[in-house]
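See structure below.
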Amino acid sequence: MHARKDSLPASILASIRSRKKRLDAAYTEARPRSAGTLIASYNVHKCIGTDRRFDPERTSRVIHEIGADVIALQEADTRFGERTGILDLGRLERETGLIPVPVAGMAKAHGWHGNVVLFKRGLVHDVHQVKLPGLEPRGALVAEIELEQGGVLRIIAAHFGLLRHSRAQQARTLVELINDRHEMPTILLGDLNEWRLGDRSSLNTLQSAFGPLPPAVPSFPAGLPLLALDRIIANRKGIISQVEAHDTPLARIASDHLPIKALVDLSPVAA
């Protein structure tokens, strides 16, 4: 008799097995914070949870839970018509210290095509709003932030399209952007909407600018994450570590995506 082969990638199976072993109580325990800058990405799904409730306050509580120094949000604005932000950014700043990277020409929206970058401490040197090609209106927000801990980090916050051909075009656009300005440590993070791994992935184009892609971390659907739609990718080896999903009871219900997070340490670049 032949042994049955697993139909899911080993990294996803390991994530599922590890998750089954953890108790919900463990998520609420305080964990010591490692040194470095904590960055995160979160598709807030227009603040509509898996229970179909629109609840921006609940979304803000998840953001508070994460405790990131820099966080990229997707779907933080209404999608059609005059885009309007749906979070209380003033309250979020009071409770977390996070403030939005400024975007031009968006009077009511929080960000650019629903992409918002929030940060706690540092200086913003440069911001670009990039239109991404494809059938759907998609964009990327590029911000260069001088971190309080030292060093300048370029953040590219993006939300790729649902069609594979569009995602491949969008990846090429960002590669061209990075190749033009490759001197700076750069983190690409966001909902890249690619569930395929290996040779079939539309994200393979990114390797020319970012190198080998890090292991995928399942983040969707939030209730039982199987697909690694959300990514954190760096163009410098060794500057990101501990990439993981922020898997808490509240995060499982607040959106259909779990947030993902990682630590950034720019000391290898300085060395």
Please work out which one of (1) part of a helix (DSSP H, G or I); (2) in contact with a Leu (Cβ under 6 Å, 6 or more places away or on another chain); (3) farther than 17 Å from ILE39 by Cβ is the condition ALA251 fails and give its number.
-> (3)
Keeping to segment 171-208, report how many residues are of a type in the set (Gly, Ala, Ser) and over 29 Å from GLU146 (Cα atoms).
-> 3
Answer yes or no: is there a residue in segment 157-166 that is open to solvent by 20 Å² or more (accessible area, probe 1.4 Å), modelled with pLDDT under 95, in a helix (DSSP H, G or I) and not charged (D, E, K, R).
-> yes
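With the structure loaded, tell me whether ALA140 is touching a helix residue (DSSP H, G or I) at 6+ places or on another chain (Cβ under 7 Å) and either modelled with pLDDT of 95 or more or open to solvent by less than 10 Å² (accessible area, probe 1.4 Å) (or both) or whether it fails that test.
When the stated conditions are applied, ALA140 passes them.
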Residues of segment 245-271 satisfying the condition of being touching a residue at least 12 places away in the same chain (Cβ under 8 Å), open to solvent by 40 Å² or more (accessible area, probe 1.4 Å) and under 23 Å from GLU146 (Cβ atoms) = ASP265, PRO268, VAL269, ALA270
Report yes if some residue within segment 233-244 is among the charged types (D, E, K, R), in contact with a Leu (Cβ under 6 Å, 6 or more places away or on another chain), over 25 Å from HIS64 (Cβ atoms) and free of Cβ contacts under 8 Å to residues at least 60 places away in the same chain; otherwise report no.
-> no
Hey, does segment 182-189 have a residue that's part of a loop (DSSP other than H, G, I, E, B) and without any contact (Cβ under 8 Å) to a residue 12 or more places away in the chain?
-> yes
Show the residue pairs that are 6+ apart or on different chains and have beta-carbon atoms under 6 Å apart, the first residue being within segment 96-110 and within 23 Å of ILE39 (Cβ to Cβ) and assigned to a loop (DSSP other than H, G, I, E, B), the second being open to solvent by less than 30 Å² (accessible area, probe 1.4 Å) and modelled with pLDDT of 90 or more.
-> LEU98/LEU92; LEU98/LEU118; VAL101/VAL117; VAL101/ALA143; HIS110/ALA76; HIS110/VAL116
Is there a residue being over 27 Å from ASP77 (Cβ atoms) and open to solvent by less than 10 Å² (accessible area, probe 1.4 Å) anywhere in segment 213-225?
-> no
Check GLN242 against each of (1) open to solvent by less than 20 Å² (accessible area, probe 1.4 Å); (2) within 21 Å of ALA157 (Cβ to Cβ); (3) under 15 Å from the mean Cα position of the chain (by Cα) and name the one condition it does not meet.
-> (1)
A careful count of residues in segment 213-248 that are under 22 Å from VAL117 (Cβ atoms) and part of a strand (DSSP E or B) gives 12
How many residues does segment 35-80 contain that are of a type in the set (A, V, I, L, M, F, W, C) and part of a strand (DSSP E or B)?
-> 9
Any idea which residue in segment 190-212 is surrounded by the most Cβ atoms within 10 Å (Cβ to Cβ), counting only those that are among the aliphatic types (A, V, I, L, M) and assigned to a loop (DSSP other than H, G, I, E, B)?
-> LEU192
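The values are calculated or read from the model by the stated rules, or taken from the named source; none is laboratory data. These figures come from a predicted structure and were not determined experimentally. Note that each Cβ is placed from the backbone with ideal geometry, even for glycine, and that neighbours are counted across all protein chains shown. Calculation scope for accessible area: heavy atoms of the full protein, side chains included, ligands and nucleic acids excluded. Shrake-Rupley method; radii C 1.70, N 1.55, O 1.52, S 1.80 Å.
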